[in-house]
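This report refers to the structure that appears directly beneath it.
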Amino acid sequence: MSKQTQTRRKTVKDIASAKGGDPLVCLTAYDAPTASILDEHCDVLLVGDSVGMVVHGLDTPVGVTMEMMILHGQAVMRGSEQAFVVVDMPFGSYETNADTAFENAARIMKETGCQAVKLESGAYAAHQIAHLVERGVPVMGHVGLRPQAVNVTGGFKAQGRNSDERARVMEEAKAAEQAGAFAIVIEGVAEDLADEITRQVSCPTIGIGASASCDGQVLVLQDMLGYFDWTPKFVRTYHDMRTEIGKAAQSYAADVRARRFPGEAETYKLRKQ
Ligand code: KIV
C-alpha cells in the first residue's frame, strides 16, 4: 500500500481529545475477521479479557493469561486499520509491583503492536499507571464493577450503590486520572455516579452499564449480537446470532444428511485434456 492511500490509525490524542465531544464508539474484538468488520464503525477496539469468558468458556476473566491476550491482540491488529486498539492486562500481570506491570505492558505493546493497555484500577493501581505512562505506555483505567475482582466482591454486581462504595469508585477514578490514564472505563455503576465521575475527571469516560452521559460507550460484541441466553441488564441486543447460527447449522446438517451437500457447484471435476 502506498503512503498516500494508507489509512491513518487513531492515536491516543484522538481518543483523549474526545472529552465532551462526540461519543466514542467502542466494541470488544478478539479475532482478525471480526476486527476488519468493526474497524470502520469503531473509534476503539478493545481486546478485553472478557475473551476468556466469551470465547474460551471460562466463568470469570481470572484464568486469562498474557499469552491469550497477546494472541488475540495480534489478530485484532492484523484485522484493523484505523481503530485505536487497546489490549487488557490480565489478572496477575500488573498488581505485584510497577516493574512487573511495565515488563508485561511492554511485552503486550511490542508483541501485538497495539496502541494502549487497559488495567482494572483499584486505588493501588495508580502507582502502576503512573509508572507505565512515564515509560511510554498509554493506559486506560477501569473502575466500578471490576470483573477481575469478582472473587472478592462476590460476583458480577453493580458497584457504587451506597455511599461508601460510591466514594471508593469516585476515588479510584480520580486516582487513575491523576496517574495519567488517557481514558477510563466505568462499568456497572449507578447512573448518577457515572455522570459525576464524567464531570469530575478531565479524561474521557467510556461507559458499560453506566450512563449515556459518558464520553463513550463500550459493549462486549457477542453480548450485543445475541450469542448468549442471558445478558446483563445494561446490554442492548442488536441481533439474534444464537438463533441465526443455530438455523444455519441445522440447514447444513440437513443437507449433509440428505447428500444435498456438496452439490455440482461445490465439487471439482476432472479438467478436459
Ligand atoms: O474485558 C472486557 O471486555 C472489558 C469491557 C467489558 C469493558 O473490560
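The values are calculated or read from the model by the stated rules, or taken from the named source; none is laboratory data. These numbers were taken from a predicted model, which means no experiment stands behind them. Glycine also receives a Cβ, built like all others from the backbone with ideal geometry; neighbour counts cover every protein chain displayed. Just the protein is used for accessible areas: all its heavy atoms, side chains included, with ligands, DNA and RNA removed. Shrake-Rupley method; radii C 1.70, N 1.55, O 1.52, S 1.80 Å.
Points worth noting:
- Considering residues of region 150-172 that are among the hydrophobic types (A, V, I, L, M, F, W, C) and in contact with a Gly (Cβ under 7 Å, 6 or more places away or on another chain) only, the residue farthest from Val117 (Cα to Cα): Ala158
- Single condition Pro232 does not satisfy, out of (1) assigned to a loop (DSSP other than H, G, I, E, B); (2) open to solvent by less than 50 Å² (accessible area, probe 1.4 Å); (3) at pLDDT 95 or above: (3)
- Within region 175-194, the residues that satisfy the criterion of being of a type outside the set (D, E, K, R), in a helix (DSSP H, G or I) and under 21 Å from Gly155 (Cβ atoms) are Leu193, Ala194.
Every residue, every condition in (1) without any contact (Cβ under 8 Å) to a residue 12 or more places away in the chain; (2) on the phi > 0 side of the Ramachandran plot; (3) surrounded by fewer than 19 Cβ atoms within 10 Å (Cβ to Cβ); (4) part of a loop (DSSP other than H, G, I, E, B), yes or no:
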| position | (1), (2), (3), (4) |
| --- | --- |
| Arg8 | no, no, yes, yes |
| Ile15 | no, no, no, no |
| Ile37 | yes, no, yes, no |
| Gly52 | no, no, no, no |
| Arg78 | no, no, yes, no |
| Val85 | no, no, no, no |
| Thr96 | yes, no, yes, yes |
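- Complete set of residues in region 255-273 that are of a type outside the set (D, E, K, R) and either touching a residue at least 60 places away in the same chain (Cβ under 8 Å) or out of contact with any Phe, Trp or Tyr (no Cβ under 9 Å at 6 or more places or on another chain) (or both): Val256, Ala258, Pro262, Gly263, Ala265, Thr267, Tyr268, Leu270, Gln273
- Residues that are within 12 Å of the ligand (Cβ to nearest atom) and open to solvent by 30 Å² or more (accessible area, probe 1.4 Å) within region 194-218 comprise just one, Gln217.
- Among (1) closer than 24 Å to Val62 by Cβ; (2) over 17 Å from the mean Cα position of the chain (by Cα); (3) open to solvent by less than 20 Å² (accessible area, probe 1.4 Å); (4) free of Cβ contacts under 8 Å to residues at least 60 places away in the same chain - the single one Val150 does not satisfy: (4)
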